There are 2 protein chains.
Amino acid sequence: MPDDAPFDPIAEARRQWNSHWGRVATPAMGAVTSIMRVEQILTARLNALLKPWELTFPRYEALMLLYYSRRGSLPLGKMGDRLQIHPTSVTNTIDGLQNLGYVERIQHEQDRRKRLASILPAGREAAERATEVLNRERFATTPLREQDLETIYDVLQALRRSADA
Amino acid sequence: MPDDAPFDPIAEARRQWNSHWGRVATPAMGAVTSIMRVEQILTARLNALLKPWELTFPRYEALMLLYYSRRGSLPLGKMGDRLQIHPTSVTNTIDGLQNLGYVERIQHEQDRRKRLASILPAGREAAERATEVLNRERFATTPLREQDLETIYDVLQALRRSADA
């Protein structure tokens with residue numbers, strides 16, 4: 001490795017894998033480790049962009065789900081399904097949005113045992129302002145190009161769908 | 001959408017983005033949301049595979065870094081740099097590995113103020129056994145194919161490297 005090349009821990013891990021374990025699992029290890037690292041990088045960048053509204057990316061995603069729902073409200077269970085997160089995480093996320101005055105909890109009209117989260121006007125305002133910033137910053141994906149981004153979406157789709165079953 | 005197609009929340013979000021915000025940021029939103037979801041799916045699958053050793057994927061990554069280090073030990077700061085994680089997270093991860101008897105903390109020979117994490121024989125054993133399982137399961141990446149995995153590694157590399165600067 002030339003001295004002026006930045007040290008790349010995952011490229012180094014790939015070399016270790018190839019020499020110690022054969023080449024069979026190296027592409028999987030390299031892809032998984034890259035996804036984990038990129039998720040960390042994106043989360044840090046996105047949370048910084050969302051800080052003016054005290055949103056984190058999970059809160060933003062939950063807020064947008066309500067923003068685009070037909071009635072502005074959804075059962076918590078359905079939100080968990082859509083975001084593929086655990087019921088406890090949904091509860092925590094909605095608690096956070098509620099404390100910020102962005103959503104309220106309401107009862108389901110037909111089934112009073114069911115709890116819905118419902119977006120409030122301040123939540124709609126935050127959703128729109130935050131989305132303008134994220135769109136302008138291309139969701140913090142610099143330096144990836146449009147074709148790279150579409151490739152990521154396309155390639156990961158099969159894995160996402162396999163987890164829905 | 002035909003009734004027999006599974007509902008895909010990210011495909012639906014892409015449609016919403018295209019119609020409400022124009023097409024400029026849709027590829028970025030789709031890619032970022034896919035990465036976030038896939039990270040959740042992979043973390044759940046990997047943690048299940050690693051459960052026999054009480055490892056999580058972050059603990060496994062830290063353990064492998066020590067496993068492949070020349071002396072079997074590394075300063076905690078260097079581990080944080082390599083894994084691109086916060087010093088507090090390194091401390092928590094090493095605490096976890098120490099409680100399992102996989103690593104110990106030692107003092108740096110030259111600089112007694114510096115703390116190193118050092119892998120123990122039980123840690124080497126766990127690293128090897130866990131790696132055999134992860135390799136056999138291709139790091140839980142089913143149903144992605146080798147070419148998909150290499151594409152992910154290649155495409156994400158530019159973003160990873162931009163964050164090192």
Based on alpha-carbon centroids, what's the gap between the range B:123-164 and the range B:21-99 in Å, whole number please?
11
If you rotate chain B onto chain A, the residue of B with its Cβ nearest that axis, and the gap in whole angstrom, comes out as B:39, 2
At residue A:22, with labels set 7 Å past Cα in the Cβ direction, how many nm apart are the copies from this one, shortest first?
5.3
Would you mind computing the Rg to Rh ratio of the protein assembly as shown from its alpha-carbon coordinates, Kirkwood style for Rh?
1.00
Nearest-first distances (nm) between copies at residue B:161, label 7 Å from Cα via Cβ:
3.3
So for the pair residue B:56, residue A:104, with labels modelled 7 Å out along Cα→Cβ, what separation do we get in nm?
3.6
Restrict the search to the range B:1-105; then list the chymotrypsin sites (Phe, Trp or Tyr not before Pro) that DSSP places in a loop and that have at most 12 other Cβ atoms within 10 Å of their Cβ.
B:7
Identify all lysines with a Cα-Cα distance to residue B:114 below 23 Å; exclude those on the same chain that are fewer than 8 residues away in sequence.
B:78
Roughly to the nearest percent, how much of the accessible area of the range A:96-142 is carbon and sulfur, given a 1.4 Å probe?
42
A correct Stokes-Einstein calculation for the range B:1-141, using the alpha-carbon Kirkwood radius, 4 °C and 1.567 mPa s, returns a whole-number D in µm² s⁻¹ of 74
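Multiply the residue gap between residue A:92 and residue A:132 by 0.36 nm, knock off their C-alpha separation, and tell me the result in nm, one decimal place.
11.9 nm
Could you work out, residue by residue across B:37-50, how many beta carbons of other chains sit within 10 Å of that residue's beta carbon, and then give the average as an integer?
Rounded to a whole number, the mean comes out at 5.
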Could you give the angle, 0 to 90 degrees to the nearest 10, between helix A:87-99's Cα long axis and the longest principal axis of the Cα atoms of chain A?
60
How crowded by other chains is A:13-26, given as the mean number of beta carbons from other chains within 10 Å of each beta carbon?
3
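In µm²/s, what is D for the range A:95-165 at 25 °C and 0.890 mPa s, where D = kT/(6 pi eta Rh) by Stokes-Einstein and Rh is the Kirkwood radius from Cα pairs?
The calculation lands on 158 µm²/s.
Placing +1 at every Lys and Arg Cβ and -1 at every Asp and Glu Cβ, with all other atoms neutral, what dipole size does the range A:1-114 have around its Cα centre, in debye to the nearest 20?
Values: 15 positive and 12 negative charges, 107 e Å.
Roughly 520 debye, rounded to the nearest 20.
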From the backbone phi of the range B:30-35, what are the Karplus-calculated ³J(HN,Hα) couplings (6.51 cos²θ - 1.76 cosθ + 1.60, θ = phi - 60°) in whole Hz, Gly and Pro given as x?
x, 5, 5, 5, 5, 4
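With a 1.4 Å probe and all protein chains left in place, how much accessible area per residue does chain A have, in Å²?
Per residue, chain A has an accessible area of 51 Å².
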Would you tally the net charge around residue B:130, using a Cβ to Cβ cut-off of less than 13 Å, leaving residue B:130 out, and scoring K and R as +1, D and E as -1?
-1
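The values are calculated or read from the model by the stated rules, or taken from the named source; none is laboratory data. Predicted, not measured: the structure shown is a model, and the values here were computed from it. Glycine gets a Cβ as well: all are built from the backbone with ideal geometry, and neighbour counts include every protein chain shown. Accessible surface is based on the protein model in full, side chains and every heavy atom, while ligands, DNA and RNA are left aside. Shrake-Rupley method; radii C 1.70, N 1.55, O 1.52, S 1.80 Å.
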